[in-house]
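The values are calculated or read from the model by the stated rules, or taken from the named source; none is laboratory data. Note that this is a predicted model, so its numbers are computed, not measured. Don't worry about glycine lacking a Cβ; one is built from the backbone with ideal geometry, like all the others, and counts go over all protein chains shown. Accessible surface areas use protein heavy atoms only, side chains included; no ligands, DNA or RNA. Shrake-Rupley method; radii C 1.70, N 1.55, O 1.52, S 1.80 Å.
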Amino acid sequence: MSESALLAELDEQLRQLDAEGLKRRRRTLDAPCGPLARIDGRELISFCSNDYLGLANDPALVDAACAGARRWGVGSGASHLVSGHLTPHDLLEEKLAAFTGFDRALLFSTGYMANLGIVVSLVGRGDAVFADKLNHASLIDAVQLSRADHERYPHGDLAALERLLAASTARRKLILTDAVFSMDGDLAPLPRLLQLAERFDAWLVVDDAHGFGVLGIQGRGSLSHFDIPANPRLIYMGTLGKAAGGAGAFVAGSETVIEWLLQRARTYIFTTGSSPIIACALLASLELIEQGDERRRHLHRLTDTLRAGLAGSRWRLMPSPTAIQPVIIGDNHEALRVALALFERGLWVPAIRPPTVPKGTARLRVSLSSAHSETQVQLLVDALRELEELE
Ligand SMILES: *Cc1c(COP(=O)(O)O)cnc(C)c1O
């Protein structure tokens, strides 16, 4: 193919995306992450971020980051196994293990990389992964990279999962699930998943990107929410760029599993250690998470306000008890139109379309933060009620 034909093919595919209402666009934010965003000189109330506790720009984290930079510099300079593992990284791992109740924890640069690391180092050809159909993209990619068989069960369908497990002759089995589903906001039935893992001698990997910091006692996460203690067949992944307000992720588990990941996870080994500044900020964040009951209570109240305000709307809410509150619109173009109309009213809510969500379920993904005020949430409710009449 000639150079121009290669480009023409991509251009045609981009036009196709646009025609289907699937072309994405970025907006450049001229303000720190928070309830008020500034874009092209305009101020908007943002319902986009996963900063559920409003910690991303909290003064305590900013101070810890500045002090951290002065004490430890900016870069770690090498991978963790060479010379990029600094005291703040180590301290953070210890605190995360204690906070989640596991033997040990291991930091990764991102949640995406943590998921690839877990799955690829635990299973391979001839093994089988049993995954909820609505799992996050990073978990789907992780299974493909592992070359294990990918058995996907309908969202939350434990009877289907049980049939798949019973029929499997794979040597090693691994059940893989989001704890809080990122586009629906509902919770996985973790106690029953753990029972199945025990009955069929499988690993259970729980991705708690949206539960860590928000759910459970003192924000200890979804396992705490369900009162599930640490268990040798459980592997827990929490991300640190959402409620924790920083960046990165950690995996918590038994001593043996964590040592195995440290030895074998390629996304841990072959990448530069994250900045020590982030680890310092996250140590401060962990304290605020522990003491964050008031933030979590406020977040809960905001969730109630939104749900009560939109009850009976033509645009369906999902049965989500969390700060992720999708408003299902269905059609891609209509979802875009509503998002744009909200934007014009100074309200920023992302329209999520396939392939991120199943076809025909395009939605507004409202995410709430304890940094929002009741008034801000009420403004969103009022605008949606008004637009519903116009559409
Ligand atoms: C955001 C997210 C990830 C990826 O975490 P990053 O740290 O952003 O790479 C993984 N799993 C789920 C469910 C997520 O929502």
*Taking interchain pairs and intrachain pairs at least six residues apart, which have beta carbon atoms under 8 angstrom, with the first residue in region 1-24 and at pLDDT 95 or above and the second not in a helix (DSSP H, G or I)?*
GLU9/MET1; LEU14/LYS23
_When you check LEU116 against the structure, is it assigned by TED's automatic domain parsing to the domain that holds ASP227, within 13 Å of the ligand (Cβ to nearest atom) and either crowded, with 18+ Cβ neighbours inside 10 Å or of a type in the set (D, E, K, R) (or both), yes or no?_
yes
_Looking only at region 133-144, how many residues end up being in contact with a His (Cβ under 6 Å, 6 or more places away or on another chain) and touching a residue at least 40 places away in the same chain (Cβ under 8 Å)?_
1
*Which of the residues that make up region 283-342 are closer than 20 Å to SER369 by Cα, part of a helix (DSSP H, G or I) and open to solvent by 60 Å² or more (accessible area, probe 1.4 Å)?*
GLU287, GLU290, ASP293, GLU294, ARG295, ARG297, HIS300, ARG301, ASP304, ARG307, ALA308
*Options ALA188, ALA160, ALA179; residue that is free of Cβ contacts under 8 Å to residues at least 12 places away in the same chain and either open to solvent by less than 40 Å² (accessible area, probe 1.4 Å) or under 30 Å from ASP90 (Cβ atoms) (or both)*: ALA160
*How many residues, within region 136-165, are touching a helix residue (DSSP H, G or I) at 6+ places or on another chain (Cβ under 9 Å) and either outside any strand (DSSP E or B) or not assigned by TED's automatic domain parsing to the domain that holds HIS210 (or both)?*
16
*Taking the options LEU61, LEU44, LEU29, LEU107, name whichever one is in contact with a Ser or Thr (Cβ under 9 Å, 6 or more places away or on another chain) and in a strand (DSSP E or B).*
LEU107
*asked:* I'm trying to understand the selection: among the residues of region 123-157, which are more than 17 Å from SER168 (Cα to Cα), open to solvent by 40 Å² or more (accessible area, probe 1.4 Å) and either in contact with a Ser or Thr (Cβ under 8 Å, 6 or more places away or on another chain) or within 12 Å of the ligand (Cβ to nearest atom) (or both)?
replied: LEU134, HIS136, ALA137, ILE140, ASP141
*Of the residues that sit in region 221-245 and are within 15 Å of the ligand (Cβ to nearest atom) and either open to solvent by 30 Å² or more (accessible area, probe 1.4 Å) or outside the structural domain of MET113 (by TED's automatic domain parsing) (or both), which one is nearest to the chain's Cα centre (by Cα)?*
LYS242
_Condition (residue is open to solvent by 40 Å² or more (accessible area, probe 1.4 Å) and of a type in the set (Asp, Glu)) applied to region 58-68: is it met by at least one residue?_
yes
